[in-house]
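The values are calculated or read from the model by the stated rules, or taken from the named source; none is laboratory data. These numbers come from a predicted model, not from an experiment. Positions of Cβ are generated from backbone atoms using ideal geometry, with glycine treated the same way; all protein chains shown enter the neighbour counts.
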Amino acid sequence: MKRLVPFAVLALAAFSLGPFLWSVVTSLKPAAELFRVPPTWIPRSMSLDNYRDVFAQRPFARYMLNSLFVAAVSTLVTLAAAAPAAYALARLRLRGAALAEKAILAFALFPPAVLLVPLFVAAREAGALNSRLGVAVVHAALNLPFAVWSLASFFRAFPAELEDAARVDGFSRAGVLLRVVLPVSAPALAATAILVFIFSWNEFVIALTFLTRDELRTVPVGVAMLSGVTVYEIPWGQISAAVVLTTLPVVAAVLAFQRGIVRGLSAGAVKG
Amino acid sequence: MRSSARYAWLLPAAALLGLVLAVPLAVGLAGGAGGTGGVLRDRAVGRAAWNTLVFAGVSVPLEMGLGLAFALLLNCDFRGRGLARAVALVPWALPTAVMAMSWRWIFSDSWGIANDVPRTLGLMSEPVAWLGRPATAMAALIAADVWKTTPFVTLILLAGLQGVPRDLHEAMSLDGAGPARRFLWVTLPLLRPAIALALVFRLIQALGIFDLPWVLTGGGPADATRTVSLEAYDSVFRHLEPARGAAITLVAAAGIFALALTLGALARGRRTE
């Protein structure tokens, strides 16, 4: 058994990283090599042309800026709303806290099929279509349950003595949260923020239906819509470069913050 | 502090969820009530519901099995375990719509590596037009989803495994029970709540899948991978029939939650308290 573990771990890594690595390989191939049969597993001649083209021939920089704006604003809104709620649920002994927490978490269950039509219709009525801010606010609401869940589990683990000491020193409850609890839970806050940012960066359904003007599109929608005139003219090199540019920051974040992210997610998972 | 002031801490979160999600969902779902009769007799919806059930019925069990295997592996002690856990999470953290483009390239009939690998291994002589035939397109959709969401199951089950006490294993081991019996008699029963949780989440998300088929197959060929969410989307955005879209959404929501919560309760087993 034990001797098989390294091979199993290698298989797991190949499974998990394979499609991403294949996009990296594809993105580095010049056009002539891209459509070779059989495909080369390691590019014979590497080139960054696809990366240049995706910026020069497509509004990819614009998509990136749109995504950065939406993800940053939605992360700030999510945390601003989630932190006080999570603290109250974890610490203030509210009557009905367990029920309120379940009600908030229930919103994490809705799949795209259920959200798609009602949210679009409501946004049209509210005049929120083709607004990046509108998409950011919807993302904030969609990510709120996870953020409350994850922050509440961190606040519960926070030593109560520290808080009591601060209360004795004359801090109000809000003061305790802002001056004592949040600074100490900075790693937890960062892990939650990174995940919420990633969720918003990745989100497709709302961004697709709310933002119809090309100059407002986010990266996932822009990449999914990259196409040529016919099926046979799909610019696979540029698409692969776009895939790498979009996913590389996410892969880097997951690997760099592995500890905080795995712990943050598992804390939530154990509780649920 | 007065109790009303304490509830004020929940206000921003409640306002955000209420105004952005709860009210639009309630209004939208109520608006679909009038059209449910028509939707239930609609053959296109029936076809989409069948496709969705096939997709979820095959992909979710595969994800549960593979996720359990990965979780057991990542629960072993070995060097670099933290890194391996992070690597295992990568597919889940990547944007589905973007990786669906990657999978389209992988399954390309002329240049795809999904044809090259079996050809190199001598498993097939002719390239397969994976996304061009109904059955293989569904298989491709399932493969991409298994890749994308197995990490979610792994994560939940790994968290559950960390709650399984080691001394129980050691005690049974001293009594002469092998790894297979220890797994069946200790690990699996204690893991049951985590399994039920992962199953409910996965079923709801798989039955409500949208971005993967929208990008990978567009619902084709010949509507073979057209899911319920694609049908609702097309009602609103292609055929400009928002009332039909709302009715499909209502029926889908009722069906998805009823099925997922029932199967989740079965997996959890009868409550012992």
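Structure summary
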{"quantity": "B:Ala171 vs. criteria small (Gly, Ala, Ser) and either away from every other protein chain (no Cβ under 11 Å) or in contact (Cβ under 8 Å) with a residue 24 or more places away in the chain (or both)", "calculated": "yes"}
{"quantity": "Sole residue being within 10 Å of chain A (Cβ to nearest Cβ), surrounded by fewer than 21 Cβ atoms within 10 Å (Cβ to Cβ) and modelled with pLDDT under 90, chosen from B:Gly80, B:Gly122", "calculated": "B:Gly80"}
{"quantity": "Selected residue (only one of B:Ala144, B:Ala180 is modelled with pLDDT of 80 or more and closer than 23 Å to A:Pro19 by Cα)", "calculated": "B:Ala144"}
{"quantity": "Selected residue (only one of A:Val70, A:Val77 is in contact with a His (Cβ under 8 Å, 6 or more places away or on another chain) and not acidic (Asp, Glu))", "calculated": "A:Val70"}
{"quantity": "Where a residue in region A:113-135 is among the basic types (Lys, Arg) and its partner, wherever it lies, is part of a helix (DSSP H, G or I), with Cβ under 7 Å and at least six apart", "calculated": "A:Arg132/A:Asn66; A:Arg132/A:Phe69; A:Arg132/A:Val70; A:Arg132/A:Leu216"}
{"quantity": "All helices (runs of 4 or more DSSP H) inside region A:171-227 with 2 or more residues being over 30 Å from A:Ala85 (Cα atoms), basic (Lys, Arg) and in contact with a Cys (Cβ under 6 Å, 6 or more places away or on another chain)", "calculated": "none"}
{"quantity": "Subset of region B:183-235 [away from chain A (no Cβ under 12 Å) and among the polar types (S, T, N, Q)]", "calculated": "B:Thr187, B:Thr217, B:Thr225"}
{"quantity": "Restricting region B:98-109 to residues that are outside any loop (DSSP other than H, G, I, E, B) and in contact with a Leu (Cβ under 8 Å, 6 or more places away or on another chain), the residue that is surrounded by the most Cβ atoms within 10 Å (Cβ to Cβ)", "calculated": "B:Trp103"}
{"quantity": "Pick from region B:205-239, criterion among the aliphatic types (A, V, I, L, M) and more than 23 Å from A:Gly222 (Cα to Cα), ranking: modelled with the lowest pLDDT", "calculated": "B:Ala222"}
{"quantity": "Residues of region A:134-152 satisfying the condition of being at the interface with chain B (Cβ under 7 Å from one of its Cβ atoms) and crowded, with 24+ Cβ neighbours inside 10 Å", "calculated": "A:Val138, A:Ala140, A:Ala141, A:Leu144, A:Val148"}
{"quantity": "Candidate set from region B:92-107 (those that are under 19 Å from B:Gly220 (Cβ atoms) and touching a residue at least 12 places away in the same chain (Cβ under 8 Å)); member that is farthest from the other protein chains (Cβ to nearest Cβ)", "calculated": "B:Phe107"}
{"quantity": "Single match in B:Val39, B:Val60 (criterion: more than 9 Å from chain A (Cβ to nearest Cβ) and touching a Lys or Arg at 6+ places or on another chain (Cβ under 6 Å))", "calculated": "B:Val60"}
{"quantity": "Subset of region A:18-46 [surrounded by 16 or more Cβ atoms within 10 Å (Cβ to Cβ) and in contact (Cβ under 8 Å) with a residue 12 or more places away in the chain]", "calculated": "A:Phe20, A:Ser23, A:Val24, A:Val25, A:Thr26, A:Ser27, A:Leu28, A:Lys29, A:Glu33, A:Leu34, A:Pro43"}
